[in-house]
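Structure, as structure tokens:
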Amino acid sequence: MLNGKTVLVTGASSGIGRATAEVVAKHGANVVIAARRTELCAEVAESIRADGGSATHIRADVTDPSDVTAMVEHAVKTFGSIDGAFNNAGVLLDSGRIHEMDDDVLTRSWEVNVRGVWLCMKSEVEAMLRLGVKGSIVNDSSRNGLRADIKRPAYTATKHAVTGLTKAAALDYARMGIRINGICPGPIDTDMMRSVDRGEEEIRQQIESAVPLARYGKPEEVGQLVAWLLSDYSSYVTGQMVGIDGGLLAA
């Protein structure tokens with residue numbers, strides 16, 4: 001689906017980001033692996049190359065404008081273009097209700113989850129416009145970007161913001177040939193989800209019992225959805241928030 005395209009993935013050192021990087025590489029993309037953990041980024045890139053794919057890596061903190069600019073320019077200098085991006089880097093820091101938490105929880109959540117997506121889209125769009133690329137950008141929101149959960153006020157607020165930002169940007173750049181969509185994962189089997197279920201089988205079973213498909217999603221299943229949204233097969237799709245949650249949003 002992605003032969004010859006260059007795709008940037010943030011938060012690509014683990015979880016959904018890593019799985020997506022591996023999936024898009026298997027679909028033929030040149031992949032730029034970006035995250036704060038340099039050694040893990042290098043490991044992911046090397047793994048992709050060892051599997052016959054094309055990948056490079058760069059350390060990037062999505063809250064730092066200079067890092068974000070360098071990340072995008074690294075993609076362009078290495079592969080000659082940037083055709084797609086998956087803005088995946090995010091944090092889940094909530095630990096209770098609003099009155100129980102320090103204000104820094106919201107501040108840090110907003111910096112990474114919202115400002116990080118803003119900065120990435122800004123630099124990605126600028127590069128696509130400069131290069132004349134009709135590209136595709138996918139932002140990682142959450143089921144909580146469409147529906148709230150208890151004791152997740154900061155995460156829910158920031159993911160709702162990602163949803164709004166995605167839709168607004170999609171309208172702004174549709175006539176310029178740049179498509180912008182978002183995904184809304186439910187419980188996916190990652191380290192972030194294990195911070196929710198605390199690695200306890202009983203809690204996991206309780207969560208899975210609320211999911212119509214009765215299981216956690218696999219990171220690579222999310223990667224396949226992102227790959228489709230980045231590809232020309234989804235050429236008439238923009239401004240959409242696509243749920244991948246085992247049916248939770250339908251329940």
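The values are calculated or read from the model by the stated rules, or taken from the named source; none is laboratory data. All values reported here derive from a predicted model rather than from experimental measurement. Neighbour counts run over all protein chains shown; Cβ positions are idealised from the backbone, glycine included. Accessible surface is based on the protein model in full, side chains and every heavy atom, while ligands, DNA and RNA are left aside. Shrake-Rupley method; radii C 1.70, N 1.55, O 1.52, S 1.80 Å.
For the stretch 109-144, the tally of residues that are in a helix (DSSP H, G or I) and open to solvent by less than 90 Å² (accessible area, probe 1.4 Å) stands at 20. Within the stretch 158-188, being surrounded by fewer than 18 Cβ atoms within 10 Å (Cβ to Cβ) and without any contact (Cβ under 8 Å) to a residue 60 or more places away in the chain holds for G164, A168, D172, R175, M176, G177. Exactly one residue out of R130, R108, R115 is touching a residue at least 12 places away in the same chain (Cβ under 8 Å) and over 19 Å from F86 (Cβ atoms): that is R108.
In the condition set (1) closer than 14 Å to G223 by Cβ; (2) open to solvent by 40 Å² or more (accessible area, probe 1.4 Å), A12 is compliant with all but (2). Looking at S47, is it modelled with pLDDT of 95 or more, open to solvent by 20 Å² or more (accessible area, probe 1.4 Å) and hydroxyl-bearing (S, T, Y)? Considered against the rule, which asks whether it is modelled with pLDDT of 95 or more, open to solvent by 20 Å² or more (accessible area, probe 1.4 Å) and hydroxyl-bearing (S, T, Y), S47 comes out as yes.
For every residue, the table says whether it meets (1) touching a helix residue (DSSP H, G or I) at 6+ places or on another chain (Cβ under 7 Å); (2) farther than 25 Å from R152 by Cα; (3) not in a loop (DSSP other than H, G, I, E, B).
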{"site": "A21", "(1), (2), (3)": "yes, yes, yes"}
{"site": "A25", "(1), (2), (3)": "yes, yes, yes"}
{"site": "I33", "(1), (2), (3)": "yes, yes, yes"}
{"site": "T56", "(1), (2), (3)": "yes, yes, yes"}
{"site": "D67", "(1), (2), (3)": "no, yes, yes"}
{"site": "G96", "(1), (2), (3)": "no, no, no"}
{"site": "H99", "(1), (2), (3)": "no, no, yes"}
{"site": "T107", "(1), (2), (3)": "no, no, yes"}
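For the condition among the aromatic types (F, W, Y), open to solvent by 10 Å² or more (accessible area, probe 1.4 Å) and touching a strand residue (DSSP E or B) at 6+ places or on another chain (Cβ under 9 Å), F79 qualifies. The numbered conditions (1) of a type in the set (G, A, S); (2) assigned to a strand (DSSP E or B); (3) open to solvent by 20 Å² or more (accessible area, probe 1.4 Å) are all true for G90 except (2). Out of curiosity, is D149 farther than 23 Å from T20 by Cα and not in a loop (DSSP other than H, G, I, E, B)? So D149 fails the test. Just for the stretch 194-239: of the residues that are assigned to a loop (DSSP other than H, G, I, E, B) and open to solvent by 90 Å² or more (accessible area, probe 1.4 Å), which one is nearest to L93 (Cα to Cα)? Within the stretch 194-239, the match that is nearest to L93 (Cα to Cα) is R198.
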